[in-house]
Amino acid sequence: MKGLETTVAGWTLIATTLSASSLFGASSLEQLAAEKFGHLTPAESRLLRSAPTGDTAWCGPSANTADPSNDPSHAATWGQTRTVRSALVRWLYADPRAVPQIAVSGVSVGGAFLDGRLDLSRIKTDLPLQLLRSAVPKGIDLSESDIRLLDLGGSSTGDISASNLLVRGELLLNHGFQADGAVNLDGSKIRGTLDARGAKILSGGQYAFSLVTANVDGDVLFQDAQTNNMIRLSLSSVGGNLSFIRAGFDGRATGLEAINTQVRGVLAWVNIKPKHPNITLDLTFARVGALADDADSWPTWILMNEFSYDKFDEPENIPKDLESRLAWLQKQSPFRPQPYLQLSKVFRGMGNDDFATSVLIVKDKRQREEDARRTGILLRPVQLCWSWFLRSTMGYGYAPIRAFGWTVAIVTLGWIVFVRGYRAGFIVPSEKDACASFTATRDVPAYYPPFSGFIYSLETFLPFVELHQAKYWLPVRKRVPLARLLPWYLRLHILSGWVLSTLLVAGLTGLLHKD
């Protein structure tokens, strides 16, 4: 009997101990918070009881994120029962007595109204933080903090100051996240993905979202996002893709500023809405692995000097034809040659050498037109005519095969002219005896080379070529219009050969290129 009583007492003690230990975390955390903050709201009590278990503390009547009762745009009607003081959240991550009692999954709260500005600046923690479908109207300060993961999915906040933030996982501003103020992540390092899909960021300042001099190891996603101001990503690096698919830009000064931004993956600028001609797209000195865009999303002007990309992305709706890409290059202002050189390089990498050559020819044409525009009005026509001649004869040296067509045309014309002159007796042997025989009988001695109009035209056109025609047959001066013009035509014929040959050599050696 005594042994049975001892056994029952032992089991009672064990049960009491287990029950106390299962509740110790929550009650202890609530007790510490009550000592610090006094009376706790129902939402704060829920949060403090859930923190040790890792469960999400839903402060409203429903735990369904899609339930209208969790819409943060109606947070003003939620009342005191759903209010959590922002200072309490900071305390959970900063107080050395509170931190050990929080589950490794971190603090997770949903449908809460955070009273006051949430100051998590200079906090270093291994714990994640989730604020789901919550309202933080006074904004958030995460400056110089170090956090494992930050999830603000579906929440509504004021401005977010998070310069020099380190997120060792993902930064989630998705699922209808809205910021009524600028989001500043300048100098931040995000080891995972920055997901702002479907976000709405409205700001009355100089920018809506700033990620300057930052580093994101994963993707940066602004798909279906909306903003009324600039998104700044200058001097930043993105280890994955940078996507603006179906992004909406509304406002007079809105768009993307990505000066000297490095993207290892794809820059996707597709289905931008509305199709606003005044959207800014500044890709100066940017570098991306692949480019995915469409003509309907191109703004009136694109800044793309020194913008480089390895290829165009695969989908069929991405323009890869010469006409569309030349129209795209026309949108840069002012003119810069590098975008043409870059496009030519990409076309050549695609195996389309004809497109690559055409781009370089258009580049030189535009560059010479710009040069002519800056000169005096008297020299401008001369420069434009010279540019036309170089383009027509050999494509500024990029298409020297064009010189062959001109050679054929000039030699053929000379062939016709010289044959007619020969038959009219205006081209005669240069040797005295042969000339006398030809004048008398229309024949030359057997030892003398007979006349060939084609060979004569070819030899006189090509410099340094000896075909035994030019020095044996010469035009004769007579008082006949054709006879008087023939010597002058011969000189022009010879000069044309020298000019085309010289330009051909200059073109093949690159001396004609306006690089």
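Quick rundown of the values:
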item	result
Among residues of region 256-271, those that are crowded, with 23+ Cβ neighbours inside 10 Å and under 19 Å from S203 (Cβ atoms), counted	2
Region 459-482: number of residues that are free of Cβ contacts under 8 Å to residues at least 12 places away in the same chain and part of a helix (DSSP H, G or I)	2
Helices (runs of 4 or more DSSP H) completely within region 300-411 that count 2 or more residues being among the acidic types (D, E)	353-374
Test: residue in region 429-448 that is in contact with a strand residue (DSSP E or B) (Cβ under 9 Å, 6 or more places away or on another chain), surrounded by 18 or more Cβ atoms within 10 Å (Cβ to Cβ) and assigned to a loop (DSSP other than H, G, I, E, B)	yes
Subset of region 53-104 that is part of a loop (DSSP other than H, G, I, E, B) and among the aliphatic types (A, V, I, L, M) - its residue that is nearest to T157 (Cα to Cα)	A66
Residue match in region 173-193 (condition: free of Cβ contacts under 8 Å to residues at least 24 places away in the same chain, surrounded by fewer than 24 Cβ atoms within 10 Å (Cβ to Cβ), at negative phi and part of a strand (DSSP E or B))	no
All positions within region 248-263 that are at negative phi and over 11 Å from the mean Cα position of the chain (by Cα)	G248, F249, D250, R252, A253, T254
Scan of region 39-97 for residues that are hydroxyl-bearing (S, T, Y) and without any contact (Cβ under 8 Å) to a residue 12 or more places away in the chain, ordered by number	T77
Qualifying residue in region 400-415 (condition: under 31 Å from the mean Cα position of the chain (by Cα), crowded, with 18+ Cβ neighbours inside 10 Å and over 30 Å from I318 (Cβ atoms))	no
Selected residue [surrounded by fewer than 12 Cβ atoms within 10 Å (Cβ to Cβ) and outside the structural domain of W269 (by TED's automatic domain parsing)] from D353, D371	D353
Tally, over region 294-326, of residues that are in contact with a strand residue (DSSP E or B) (Cβ under 6 Å, 6 or more places away or on another chain) and under 16 Å from Q342 (Cα atoms)	9
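Quick grid of which residues meet (1) surrounded by fewer than 24 Cβ atoms within 10 Å (Cβ to Cβ); (2) under 34 Å from the mean Cα position of the chain (by Cα); (3) at pLDDT below 95; (4) not aromatic (F, W, Y):
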| position | (1), (2), (3), (4) |
| --- | --- |
| S108 | yes, no, no, yes |
| L114 | no, no, no, yes |
| Q130 | yes, yes, no, yes |
| G139 | yes, yes, no, yes |
| S143 | yes, yes, no, yes |
| I147 | yes, yes, no, yes |
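The values are calculated or read from the model by the stated rules, or taken from the named source; none is laboratory data. Please read these numbers as outputs of a predicted model, since none were measured by experiment. Positions of Cβ are generated from backbone atoms using ideal geometry, with glycine treated the same way; all protein chains shown enter the neighbour counts.
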